[in-house]
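Heads up, the thing below is written out as structure tokens.
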Amino acid sequence: MGKGMKAGKRPKQPKMGNAQQMAQMQAMQREMDKVQEEIEQMETTATAGGGAVTVTVTGKKEVKDIQIQPEVCDPDDVEMLQDLVMAAVNEALRQMGEIEQNEMSKFTSGLGIPGL
């Protein structure tokens, strides 16, 4: 243990000035906003039923397009079509969530904040 140090005490770290810290946080927020805008411009597409249903969602998590192959439009089996549409939408939304998480983790990985 160094001279003048007591057990359980840590050496003092130089403190960053509040103005400097605030400027860094604002710069990080601007970068995060920029990335969020870029994510909102992205799209992802998912399929279900071997391509019978194709769904495209945007980074805003809005459904942009749904394509349904005519051969799956069986009036006697509407439930299957509903299931395929739901599966494709959920997969496209999951993919977009993963893209968003990967992009935003570039900022949160170095912060050491639990849960981010």
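MET32 sits among other residues whose Cβ lies under 12 Å from its own Cβ, and their net charge, with Lys and Arg +1 and Asp and Glu -1, is -3. Measuring nothing but alpha carbons in the range 37-106 and taking Rh as the Kirkwood radius, the Rg to Rh ratio lands at 1.08.
For ASP33 and LYS60, compute 0.36 nm times the residue count separating them, minus their Cα-Cα distance, and round to one decimal in nm. All intermediate terms of the calculation are to be shown ahead of the outcome.
Numbers: separation 27, 0.36 × 27 = 9.72 nm, distance 1.35 nm.
Stretched out fully, the ASP33 to LYS60 stretch lengthens by 8.4 nm.
Computed from the C-beta positions of MET42 and MET80 and an R0 of 35 Å, the FRET efficiency is 0.70 to the nearest 0.05.
Rounded to 0.05, the FRET efficiency of the CYS73 and GLN101 pair, given R0 = 41 Å and the Cβ-Cβ distance, is 0.70.
Taken together, the values in this text are just the output of simple stated rules run on the coordinates, not laboratory data. No experiment lies behind these values; they were computed from the predicted model shown. Glycine also receives a Cβ, built like all others from the backbone with ideal geometry; neighbour counts cover every protein chain displayed.
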